[in-house]
């Protein structure tokens, strides 16, 4: 079980912006009770979806070598709700990034309607003082692949993004460990 | 080069944005932590906002010298020693360190930084 709150990326331009979609489905258990008879996708999970969109955009900038954590939702304003059967489209623009962190401006749309605007700030965990990786390396590589970043990802010059060597090495090591 | 008033207005806007406070609260004498409620993660956010607003680069540790405050050479028993105070004076000529000299507790350091200190710092970067 992984904490996926986006289904896939549809656009991804290194260091600039990314677009991801989330299909809201009544097959998601929590919508049965939120609220009974009137399923509404929680706005907290909209923020999480935007954070995943922006966080991976920030993470890719340094080849997924920094540990990116959601540090702060500086602002978030909601305009309508999303319901089962609708698709949320998240767009994240990378405003600033450096080795200490990143700021993204994000939006969520339901069809053509603006659902949320937010500013999300990410911190890069200090390599010297952090005690452990946030994810098992090969699982993180698999997660990123699942979201199709390398299928749609481009550099600002239009070149395809390449899979980082450390992802490939982690996946090979994991396969070797199970004798595959 | 921006005037002191223009610097204050931009710093005020950055702080209102980062800390979700009203303009009236961001006075020159207001302390970032005590009066405006800034937490540690907010400082990084503020630095980003100032960099963007003034088109400047703020080396980490220059505005908030965490490296000094966590160095055993400069801090003893939770208090900044003479060597540390001298280092802070050297690194932070923009800040009024009188209150810190009176109360050198590391824990209280951030409480003493004011909006005016921040404006003074920005003025050195845009000069």
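The residues A:62, A:90, B:121, when put in order of fewest to most other Cβ atoms within 10 Å, stand as A:62, B:121, A:90.
Summed over qualifying helices (DSSP H, 4 residues or more, each -39500 (n - 2.57)) and divided by its residue number, chain B shows a 222 nm mean residue ellipticity of -15000 deg cm²/dmol. Using just its DSSP H runs of length 4 or more, each adding -39500 (n - 2.57), chain A gives a mean residue ellipticity at 222 nm of -8000 deg cm²/dmol after division by all residues.
By the count of other C-beta atoms within 10 Å, a proxy for reagent exposure, A:135, A:122, A:35 are ordered fewest to most as A:35, A:135, A:122.
What length, rounded to one decimal in nm, is gained on full extension from residue A:70 through to residue A:86, with 0.36 nm per residue of separation minus their alpha-carbon distance?
Gain on extension, residue A:70 to residue A:86, equals 3.2 nm.
Computed from the Cβ-Cβ distance with R0 of 35 Å, the FRET efficiency linking residue B:127 to residue A:78 stands at 0.25. Counting neighbouring beta carbons within 10 Å and listing from fewest to most, the residues B:41, B:58 come out as B:41, B:58. Distance from the alpha carbon centroid of the stretch A:110-180 to that of the stretch A:1-75 works out to 13 angstrom.
Throughout, read-outs are computed from the coordinates displayed, never taken from laboratory work. Given the structure is predicted, the values throughout are model-derived calculations rather than measurements. Ideal geometry is used to build each Cβ from the backbone, glycine not excepted, and the neighbour counts take in all protein chains shown.
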